[in-house]
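Inspection log for the structure reproduced underneath, given as structure tokens.
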Amino acid sequence: MTPTKNEATLASLIDWFAEESDWARVAFKEAKDAGRTVIGVYCGFMPSELIRAAGAIPVSLCGNSAEAMLAAEVDLPRAFCPLIKSSYGLAITDTCPFFHFSDALIGETTCDGKKKMFELLKEYKPVHVMQLPFSGAAADEPALSWWLGEVKRVATFVEEVTGTTITDEALRATIRTTNEISDLLRQVASYFAEDDPPMTWTQMLIVQDLGCFVVETDEYAERLRELVFVLEAIAAERRAAPRTRGRRPRLTVTGTPMSPDTNKVMRIAEEAGADVVCHDGCSGVKMHDRRIDETGDPYEALARYTLGIPCACMSPNRGRTELLHRTVDTYRVEGVIDTVWQCCHTFNVESVEVGRYTRDVLGLPYLKLETDYSESDLGQLRTRIEAFVEQML
């Protein structure tokens, strides 16, 4: 079917997000040449607003390269999380430009594997590790009190690295910027509730991924506004004249984070005839489904917001099933695929509860897939995913 003018515009916009991710290394080099400080981060538990409030640039250092894992296995076990091995391999081989440009690293104790990796990375860069409580609820006052102290402690580290004092005014400004971008991403994601979504989650991953690699946020926000405008135009066209196509089951992909380079499960599901209408992982709606409080103390607001992230490292992690329930209702999901990176024990064990909740409470079919970054299991994954989609036709 020939794409409409708006669909062609959407394709061009998605190409822009992908190309900007490819060219981000150039933007970061230019920023470094101009004297800017770059701080590498590994998780959303680190409030990047603190870094921008100090005039520095945060950048994500989570690895998505299968090739880098081989170098990591010189020091790390083979039976280890692929995300950690990739992150470490890119660092020690100096093949990640963002690690290369980073003046310091900030980690967090979300899992034992990452904690030990941060110990090794101290040989290469200054590292600060945030000690995360695992109560699993931002309303838990002892945990919140501890985490607020960690947020203030990492703020001091950022000030030492940058030589800049973080003011409340600057911090509130960065919180407003984060909320603005989160609002735009929620608007983009809202179009997956349409009967015939105007974009795919494979494309949405590209859009969200760029947000981890921007020097300045203004152009990213402006392009998100353009994307919302185009998606509304396509959705309006399809509401007025629905396309004739076969039934496509509506799926959510939950579990461990993924990137445009590691989303083989999502791609196979779409090729199998399903619409992935939600991804609730750290690389999905989980990171923009709420707003940071813009009133009161900004440090407490950031502590409450980040501690409320429903990560599998939390125990108990009631927020995970609550988020799953909300997204199933919002996007009218008909089946759940739970992806787990090999050797990610927290997500692997939590799959037991997620599977029970999906089947017994939500009444939906559930498929758990354990995989890694390689393509050696593509045939097996395709067979299982195709069978899962077929049962919903």
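Could you list all residues from the stretch 184-220 that are surrounded by 17 or more Cβ atoms within 10 Å (Cβ to Cβ) and of a type in the set (Gly, Ala, Ser)?
If the condition is that a residue be surrounded by 17 or more Cβ atoms within 10 Å (Cβ to Cβ) and of a type in the set (Gly, Ala, Ser), then Ala189, Gly211 are the ones that fit.
Is it true that some residue in the stretch 278-294 is open to solvent by less than 20 Å² (accessible area, probe 1.4 Å), among the aliphatic types (A, V, I, L, M) and part of a strand (DSSP E or B)?
No; the residues of the stretch 278-294 include none that is open to solvent by less than 20 Å² (accessible area, probe 1.4 Å), among the aliphatic types (A, V, I, L, M) and part of a strand (DSSP E or B).
Only one of (1) surrounded by 20 or more Cβ atoms within 10 Å (Cβ to Cβ); (2) farther than 30 Å from Glu232 by Cβ; (3) under 20 Å from the mean Cα position of the chain (by Cα) is not met by Gly89, so which one is it?
Failing condition for Gly89: (3).
Would you mention how many residues in the stretch 312-332 are crowded, with 16+ Cβ neighbours inside 10 Å and in a helix (DSSP H, G or I)?
Count: 9.
Within the stretch 92-114, take every residue that is out of contact with any Asp or Glu (no Cβ under 9 Å at 6 or more places or on another chain) and open to solvent by 50 Å² or more (accessible area, probe 1.4 Å) and give me the one that is farthest from Ala56 (Cα to Cα).
Per the criteria, the residue is Asp112.
Please enumerate the residues belonging to the stretch 367-382 that are without any contact (Cβ under 8 Å) to a residue 12 or more places away in the chain, open to solvent by 60 Å² or more (accessible area, probe 1.4 Å) and in a helix (DSSP H, G or I). Give the steps one after another, and end with the answer.
Here is the first cut: in the stretch 367-382, the residues without any contact (Cβ under 8 Å) to a residue 12 or more places away in the chain are 376-377, 379-380.
Then keep just the ones that are open to solvent by 60 Å² or more (accessible area, probe 1.4 Å); that gives 376, 380.
Correct list: Gln380 only.
Glu141 passes all but one of (1) crowded, with 19+ Cβ neighbours inside 10 Å; (2) under 30 Å from Thr321 (Cβ atoms); (3) more than 25 Å from the chain's Cα centre (by Cα); which number fails?
For Glu141, the exception is condition (1).
From the list Ala27, Ala66, which residue is part of a helix (DSSP H, G or I), open to solvent by less than 60 Å² (accessible area, probe 1.4 Å) and on the phi < 0 side of the Ramachandran plot?
Numbers: Ala66 fails: part of a helix (DSSP H, G or I).
Result of the check over Ala27, Ala66: Ala27.
Would you be able to tell me the number of residues in the stretch 134-161 that are outside any loop (DSSP other than H, G, I, E, B) and either over 30 Å from Asp112 (Cβ atoms) or among the charged types (D, E, K, R) (or both)?
Total meeting the criteria: 6.
May I ask you to say which residue of Ile337, Ile309, Ile385 is open to solvent by less than 20 Å² (accessible area, probe 1.4 Å), under 30 Å from Ala155 (Cα atoms), β-branched (Val, Ile, Thr) and touching a residue at least 60 places away in the same chain (Cβ under 8 Å)?
None of the other options fit; the residue is Ile309.
Of the residues that make up the stretch 168-183, is at least one surrounded by fewer than 21 Cβ atoms within 10 Å (Cβ to Cβ) and free of Cβ contacts under 8 Å to residues at least 40 places away in the same chain?
Looking for residues that are surrounded by fewer than 21 Cβ atoms within 10 Å (Cβ to Cβ) and free of Cβ contacts under 8 Å to residues at least 40 places away in the same chain, one finds at least one in the stretch 168-183, hence yes.
The values are calculated or read from the model by the stated rules, or taken from the named source; none is laboratory data. Just so we're clear, the structure is a prediction, and the values are computed from it rather than from any experiment. Cβ: placed from backbone, ideal geometry, glycine included. Neighbour counts: every protein chain shown. Keep in mind that these areas ignore ligands, DNA and RNA; they rest on the heavy atoms of the full protein, side chains included. Shrake-Rupley method; radii C 1.70, N 1.55, O 1.52, S 1.80 Å.
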